[in-house]
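The next block holds one structure in the form of structure tokens; read it before the comments.
The values are calculated or read from the model by the stated rules, or taken from the named source; none is laboratory data. Just so it is clear, the structure is predicted and the values come from calculations on it, not from any experiment. Every residue, glycine among them, receives a Cβ derived from its backbone with ideal geometry; neighbour counts consider all protein chains shown. The area values use the complete protein model at the heavy-atom level, side chains included, leaving out ligands, DNA and RNA. Shrake-Rupley method; radii C 1.70, N 1.55, O 1.52, S 1.80 Å.
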Amino acid sequence: MDIKNYMQNMGVEARKASRLMASADTNVKNLALTHIAKAILREKTALLAANKLDLDAARATGLDDAMLDRLTITEKSINIMVEGLNQIASLADPIGEMTDFKYRPSGIQIGKMRVPLGVIGIIYEARPNVTVDAAGLCIKSGNAAILRGGSEAIHCNQALAKLVHEGLAAAGLPTSAVQVVETTDRAAVGELITMKQYVDVIVPRGGKSLIERISNDARIPVIKHLDGNCHVYVDDDADFEKALRILENSKTQRLGTCNTAESLLVARSVAKEMLPKLADMLISHGVEIRGCAETLALVKNAKAATEEDYYTEYLAAIISCKVVNGLDEAIAHINQHSSQHTEVIVTENYTKARRFLREVDSSSVMVNASTRFADGFEYGLGAEIGISTDKLHARGPVGLDGLTSLKYVVLGDGHVRA
């Protein structure tokens, strides 16, 4: 296959489709989404069979447990895909919304209109659900998408792509509005991230090495996060039962996600009482604890942490732990070591909670809730196209608004500048 020509043709078709999608009626876009959702439910058995082919091949090549977890779809995850599409359909259409109108002394009115970004290239590993989430969000936000999933999910991604095309066609929208790259040749990624005449933004989702490569080589703006070193801080004023429940869910519900807790901080004044019990819970789930000297003194089975451990996203049954003097040291530690993804404080002190929210520099900051809530679906966005730890142009889970831009509109009635 001539990869360059293949990708260029895909870019041409995506650009054409983006013009049509930008002017598509809300009801038509919603019709496509609901049809895709129904098709996914109808083909549930076929999708699970396609996923099994991918999983069998992945296990044969020795793919690690975290990647296998991301690759796996179940009846539950299929139902979540469907619910996400229906939720996106129920959300207000941001396209064409006009806001912030004001009169100027000249008599003209100035305002802003929300518009699509255009063509979005999404590059991702494992996670077949990204195919559906990205398609749904791009359709509703009036964009066209070029999706390049990993070779490990090729069967499931192609099966899902057919259902997306079925929904687009049923609604009278161009099937080229969502294109899935069919080749597993990595050269396709190199072409996609440099086609600035056709692609307006790139969204990488996957491991740190993939995202670093895209960030370094892309000639197109990138919405990204490199890793998810998420923290849970148990404050002096924490409720122990809440802390236990939040930490357990944050760390052990799933090990291979970017919103899994990788670091535990405990205030010194409560460490002697709380840390051994928190550690027992983690150890009962098979989690290895790597801690500071005070942690080692309180937790018999803990191992000594290195400075690198406090920067690490493990995506495994390992957590770093540090006893800190209090809120000031916790905030300083997080802002130094965090990847600016998601951080949690467990506290009953309102003033401390407000300080934590204000001073921690991450894309999601939480009080008394699990890090696992840092997700577009849980935030009511229907789904997410990714999580951005950048500060421009979107931050946190990227939903419909994150896939749009604003342009100024001016209303006059024969006005001319003096």
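The table below lists the values:
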read-out	value
Helix 268-284 vs. the chain, principal-axis angle (Cα, 0 to 90°, nearest 10)	70 degrees
Listed residues 207, 118, 399, most fluctuating in the chain (Gaussian network, C-alpha, under 10 Å)	207
Linear extension gain, residue 112 paired with residue 277, 0.36 nm per residue minus alpha-carbon span	54.0 nm
Computed over segment 125-194, the ratio Rg/Rh where both radii use C-alpha atoms and Rh is Kirkwood	0.96
Loop-located trypsin sites (Lys or Arg not before Pro) in segment 158-215, at most 15 other Cβ atoms within 10 Å (DSSP)	186, 196
FRET efficiency, 1/(1 + (r/R0)^6) with R0 25 Å, evaluated for residue 83 and residue 241 via beta carbons	0.25
Accessible solvent surface per residue of segment 113-272, calculated while the other protein chains remain in place, 1.4 angstrom probe, Å²	31 Å²
Degrees between helix 26-42 axis and first principal axis of the chain (Cα, 0 to 90, nearest 10)	60 degrees
Rounded accessible area per residue of segment 10-85, 1.4 Å, Å²	51 Å²
Extension reserve of the residue 379-residue 100 stretch, reckoned as 0.36 nm per residue once the Cα distance is removed	97.9 nm
Whole-percent carbon and sulfur share, accessible surface of the chain, 1.4 Å	50 percent
Neighbour cut-off at most 13 other Cβ (10 Å), DSSP loop, trypsin sites (Lys or Arg not before Pro), segment 5-114	none
Dipole magnitude (debye, nearest 20) for segment 152-282, charges at Cβ of Lys, Arg, Asp, Glu	220 debye
FRET efficiency, residue 25 to residue 325 (Cβ-Cβ, R0 56 Å, nearest 0.05)	0.45
FRET efficiency estimate (nearest 0.05) - Cβ-Cβ, residue 390 to residue 300, R0 45 angstrom	0.60
Chain lengthening between residue 416 and residue 253 when straightened (0.36 nm per residue, less Cα-Cα)	52.4 nm
Cα-based shape type of segment 257-307, given that a ≥ b ≥ c are square roots of the gyration tensor eigenvalues and the cut on a/c is 1.5	rounded
Crossing angle, helix 44-60 versus the chain [Cα axis fit, 0-90 degrees, rounded to tens]	60 degrees
Backbone N under 11 Å from the residue 53 label point (7 Å along Cα→Cβ), restricted to segment 12-38	none
